[in-house]
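The values are calculated or read from the model by the stated rules, or taken from the named source; none is laboratory data. Keep in mind that this is a model prediction, so the values were computed, not measured. So basically every Cβ, Gly included, is an ideal-geometry build from the backbone, and we count neighbours across all protein chains shown. We work out accessible area using only protein heavy atoms, side chains counted, and drop any ligands, DNA or RNA first. Shrake-Rupley method; radii C 1.70, N 1.55, O 1.52, S 1.80 Å.
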Amino acid sequence: MSAVPVAIQRMVLPYGDTRIAFDVRRQPGRRRQSVAVHVEPNGCVLVDAPVTANDAEIRTALSKRLRWVHDRLQEIHERRKHVLVREYVSGESVYYLGRRYRLKVLPNTEEPAVRLRGGYLQVAVGSRNPDAVRFALEDWYREQARRVLGERLLEVCQQLPWVRKQLPSTALRTMYARWGSCSPQGRLTLNPALVRAPRECIDYVLIHELCHLKRHDHSRHFYRLLDAYVPSWQRIKHRLDGLAEKIAL
C-alpha cells in the first residue's frame, strides 16, 4: 500500500500581544471534514484539516480556538518554570515506569552499565561527562522500552478484537511532540520515553494508536471506540501530559 502524503504548513495568528504558530497537516484520508486543533505537551500546536480546506477556512476555524490555545500554552509555560535543567549528575531525579529514582553516577573503567538499585538508577561510566551519562541512560531506556512496550502491546492487543490475531509492526523513535503515532499503513511508532511513564499511561497510548487501525482520524467515532476500551482515558491523558516535562531526558 503506497504512503498517503500529509502536507504540513506553518500558520501564525496574532493573539493580543503575542503570535501563535500552528503546524497545519492536510490529510487526504481524513474522514472528518472539520478542523481539529491539538496542543501537545511540549507546546507545539498541531492542526488536522481535510485536504480540501483552504487557508481562509483554516484561519477562521483557528480564530475561534485562539483563546483556548493561548490558555493551554500558558499552562505549559507555567509548568516548565518549575522544571530544572538536567545536568546528569548524582542526586537528580529520573523516572522509570512512573516511579521517581535518584540518579547515581559511578566511575567505571569498562563498558557503561546502568541498573536499578533500591531507590537509585545507577549509571557507571568511564567519564563523568554529562554527555557520557546521557548516552548511557538513553541506551538503557531504549532497551527497557523495547522490552516493556513489547510486553504491554501483547497484553493490550488481547483486549482488541481487530488486532488480537495479528499484531501491527512497531518501531521506536524519539519524538519531541508525540508519544506515539500510527501510519496509514498500520505501522505503530512509539516514543521510547514512554517507558518512564506509569503503566496505565503506556497502555492508554498503545490503545489510542491501535484504535487508529480501525478509525484513522480523531472523529467522534474514534473517541467512541477509545471510550469503550479506556473509559478513563481523559484522566490518564491529563496525568501523562502533566508528567511530560519531568520524564524527559
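On average, how much accessible surface per residue is there in the chain, in Å², for a 1.4 Å probe, leaving out ligands, DNA and RNA?
Working: 14030 Å² over 249 residues.
Value for the chain: 56 Å² per residue.
Tell me, what HN-Hα J-couplings in whole Hz come from the Karplus equation 6.51 cos²θ - 1.76 cosθ + 1.60 at θ = phi - 60° for each residue of segment 102-113, using x for Gly and Pro?
Ordered by residue, 3J(HN,Hα) equals 9, 6, 10, 8, 10, x, 7, 8, 9, 5, x, 9 Hz.
Place a +1 charge on the Cβ of each Lys and Arg in the chain and a -1 charge on the Cβ of each Asp and Glu, then give the dipole magnitude about the Cα centre in debye, rounded to the nearest 20. Mind dumping the intermediate values first?
Values: 43 positive and 26 negative charges, 110 e Å.
Charge dipole of the chain: 520 debye, to the nearest 20.
Calculate the length of the line joining the C-alpha centroid of segment 197-215 to that of segment 105-129, in whole Å.
32
Based on the alpha carbons, how large is the Rg to Rh ratio for segment 127-249 when Rh follows Kirkwood? Each step should come with its number before you reach the end.
Details: Rg = 15.1 Å, Rh = 15.2 Å.
My calculation of the ratio gives 1.00.
What residues qualify as long-range amide H neighbours of TYR120, i.e. H under 5 Å apart, gap of 5 or more or another chain, H built at 1.01 Å from N?
HN-HN under 5 Å from TYR120: ARG102.
For segment 183-235, max minus min Cα coordinate along each principal axis, in Å, sorted largest first?
30, 27, 12
To two decimal places, what compactness ratio does segment 32-131 give when its Cα radius of gyration is scaled by 2.2 N^0.38 Å?
Details: Rg = 21.8 Å, N = 100, 2.2 N^0.38 = 12.7 Å.
Cα Rg divided by the expected 2.2 N^0.38 Å: 1.72.
Where Rh denotes the Kirkwood radius from the mean inverse Cα pair distance, what is Rg over Rh for segment 97-180? Numbers along the way, then the final one.
Numbers: Rg = 16.5 Å, Rh = 15.1 Å.
In segment 97-180, Rg relative to Rh is 1.09.
Count the DSSP beta bridges whose two residues both fall in the chain, then state the antiparallel fraction as a percent rounded to the nearest 5. Walk me through the intermediate numbers first.
Values: 25 of 39 bridges.
Approximately 65 percent, going by the DSSP bridge assignments.
In percent, what relative contact order does the chain have, based on Cα pairs under 8 Å that are 6 or more apart in sequence? Don't jump to the answer; show the numbers that get you there.
On the way: 373 pairs, mean separation 38.0, N = 249.
It rounds to 15 percent for the chain.
What are the radius of gyration and Dmax of the chain, computed over its Cα atoms and given in Å?
Rg and Dmax of the chain, Cα atoms, are 20.0, 62 Å.
Take ARG59, ARG10 and sort them by solvent-accessible surface of the protein heavy atoms, 1.4 Å probe, largest at the top. All intermediate terms of the calculation are to be shown ahead of the outcome.
Values: ARG59 100, ARG10 145 Å².
Heavy-atom accessible area, descending, gives ARG10, ARG59.
In degrees, nearest 10, range 0 to 90: what is the angle between the Cα axis of helix 130-157 and the longest Cα principal axis of the chain?
Approximately 60 degrees, to the nearest 10.
Is there a quick way to get the dipole size of segment 115-204? I mean about its Cα centre, with the Cβ of Lys and Arg at +1 and of Asp and Glu at -1; what is the value in debye to the nearest 20?
Working: 15 positive and 8 negative charges, 14 e Å.
Taking the Cα centre of segment 115-204 as origin, the dipole is about 60 debye.
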